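Below is one structure, written out as structure tokens; the observations come after it.
The values are calculated or read from the model by the stated rules, or taken from the named source; none is laboratory data. Here the structure is a predicted model, which means the values were calculated and not measured. Here Cβ is always computed from backbone atoms with ideal geometry, including for glycine, and neighbour counts include all displayed protein chains.
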Amino acid sequence: MAKNTDLPTRRRVLDCGLWAGAGLLWTMSGGIPRSSLIGKAAAAPTNASALNFIQISDSHIGFNKAPNPDATATFKALLDRLSVVNPRPALMLHTGDVSHLSRDAEWDTAQQLVNETGIETHFVPGEHDMLVDDGKPFFARFAPRAEPGGWYSFDQGGVHFVALINVARLKPGGEGSLGAAQLEWLEHDLNGRSASQPLVVLTHIPLWQVYPPWGWGTEDGAQALTLLRRFGSVTVLNGHIHQLLQKVEGNVAFHTGLSTAFPQPAPGTAPSPGPMKVDPGRLRRLLGVSSVYYVRGQSRLAIVDQPLGA
Amino acid sequence: MRPIALSTDAVALMMLGLVTSGALFTAPKAGAAGPASEATVTIDNFTFTPQTLKVSAGTRVIWINRDDIPHTIVSSSGPRAFKSPPLDTDERFSMRFDQRGEYRYFCSIHPMMTATIVVQ
């Protein structure tokens, strides 16, 4: 990629941590991100031709410890809320850690609850889904038509969706990684596409460097971003860190969704990234799903984060 | 108590190719008097303690996960010399180190977690 010396001055960078509990409408206009609390602005575009879809993440079915003794119940409660979302979501994206321990019973439960929504759903694995046989059981069940490494892409409603795997073959001391074969596939997949087509990229571990001391980043994520940068609208949806975090860099917007199971601490604010112990009354404000809206002709996708409890 | 220690033991030994008839229950090798020596590595706050454990050959090393999140114990070498199943809270994994050497390992779920067993 040619080096653009005035890139840093042109590039607007917003780096903000947005705490769960503040349901947030997130829009971009003219390169300036704006956010407002749900209820103080129209929460969703009502344009009938808009594509709207849901991001769910980190359901960790099987988790049963503090602060959430029943991760299945909170997952179900969040999915139940989707039945009243209007207009009905066109699809759902699960950004990984479907299960807690890669057990068939955990995946069975998740799959059954997702199927009950009747919403077409696409998955990427988290590291908790890769504990058995390098993730083969996960891919066979949740991404049977994916490439051999588990990655895939598809088009819907004018948007090109790309599902990338960054939880395979994690190396000691390392972060998430995509690997040369997947990057080569991505380059091929994007080759020839119009830069005006909106892209949505999903990976489990954040594709950007959130907090390397906890491994919250993807070591070769920058190489993927180099391939994505020519597109006018790129939305990267991640999970893994169980909290809302957003960042906009040039045309690329990064968003990590809430878990439906348990919250994790903000980077560096606790001795480890283990589950945050919050009292039961507060838990449901820290779990949630995100709705994403794409309206043709608008350069940005709007993301509305919806906590389970008010 | 669930028989998790025994079953993970068996997995580790099979992966090492050390399972010979009765190997799980035989007495320690000659030279190690009395009961087999044991050493423990605990996992708290996404950290193996001690970071470097020095043991003599023939010692059984036991890992105990005291976190409320699962962890694994996976050899850093390739091909992997050992790999535990995921250990949930309070579950254990153990294996005996008979050969001298330095054994680096990590948690394949949280790869920032690394540590070493030195067998003297």
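Quick rundown of the values:
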read-out	value
Unmet requirement for B:VAL55, which otherwise passes all of (1) in contact with a Ser or Thr (Cβ under 6 Å, 6 or more places away or on another chain); (2) more than 13 Å from every other protein chain (Cβ to nearest Cβ)	(1)
Count - residues of the stretch A:109-142 that are among the aromatic types (Phe, Trp, Tyr) and more than 17 Å from the chain's Cα centre (by Cα)	2
Tally of residues being of a type in the set (Val, Ile, Thr) and over 22 Å from A:GLN223 (Cβ atoms) across the stretch A:240-264	1
Conditions (1) buried (at least 19 other Cβ atoms within 10 Å of the Cβ); (2) at pLDDT below 95: number failed by B:LYS83	(1)
Restricting the stretch B:70-80 to residues that are surrounded by 17 or more Cβ atoms within 10 Å (Cβ to Cβ) and free of Cβ contacts under 8 Å to residues at least 40 places away in the same chain, the residue that is nearest to B:PHE97 (Cα to Cα)	B:SER75
Considering residues of the stretch A:157-211 that are within 14 Å of another protein chain (Cβ to nearest Cβ) and among the basic types (Lys, Arg) only, the residue surrounded by the most Cβ atoms within 10 Å (Cβ to Cβ)	A:ARG169
Subset of the stretch A:96-143 (residues that are closer than 16 Å to A:ARG169 by Cβ and of a type in the set (D, E, K, R))	A:GLU127, A:ASP129, A:ASP133, A:ASP134, A:LYS136
Elements of type strands (runs of 3 or more DSSP E) contained in the stretch A:174-257, each with 2 or more residues being in contact with a Phe, Trp or Tyr (Cβ under 6 Å, 6 or more places away or on another chain)	A:199-202
Test: A:ILE165 is modelled with pLDDT of 95 or more, touching a strand residue (DSSP E or B) at 6+ places or on another chain (Cβ under 6 Å) and part of a loop (DSSP other than H, G, I, E, B)	no
Residue satisfying condition, being in contact with a Leu (Cβ under 6 Å, 6 or more places away or on another chain), surrounded by 17 or more Cβ atoms within 10 Å (Cβ to Cβ) and over 18 Å from A:ASN238 (Cβ atoms), within set A:PRO67, A:PRO89	A:PRO67
Residues of the stretch A:76-104 satisfying the condition of being away from every other protein chain (no Cβ under 14 Å) and aliphatic (A, V, I, L, M)	A:ALA77, A:LEU78, A:LEU79, A:LEU82, A:VAL84, A:VAL85, A:ALA90, A:LEU91, A:MET92, A:LEU93, A:VAL98
All positions within the stretch A:212-241 that are touching a strand residue (DSSP E or B) at 6+ places or on another chain (Cβ under 6 Å) and within 14 Å of chain B (Cβ to nearest Cβ)	A:THR218, A:ILE241
Count of residues meeting criterion [assigned to a loop (DSSP other than H, G, I, E, B) and within 13 Å of another protein chain (Cβ to nearest Cβ)] in the stretch B:82-120	14
Neighbours by Cβ (under 7 Å, 6+ apart or cross-chain): first from the stretch A:244-272, more than 14 Å from chain B (Cβ to nearest Cβ) and closer than 28 Å to A:LYS76 by Cβ; second charged (D, E, K, R) and outside any strand (DSSP E or B)	A:THR260/A:ASP58
Within the stretch A:70-85, considering residues that are out of contact with any Ser or Thr (no Cβ under 9 Å at 6 or more places or on another chain) and part of a loop (DSSP other than H, G, I, E, B), the one surrounded by the fewest Cβ atoms within 10 Å (Cβ to Cβ)	A:VAL84
Pick from the stretch A:217-243, criterion under 17 Å from the mean Cα position of the chain (by Cα) and of a type in the set (S, T, N, Q), ranking: farthest from A:ASP58 (Cα to Cα)	A:SER233
Among the candidates A:HIS122, A:HIS128, residue that is over 17 Å from A:ALA261 (Cα atoms) and surrounded by 17 or more Cβ atoms within 10 Å (Cβ to Cβ)	A:HIS122
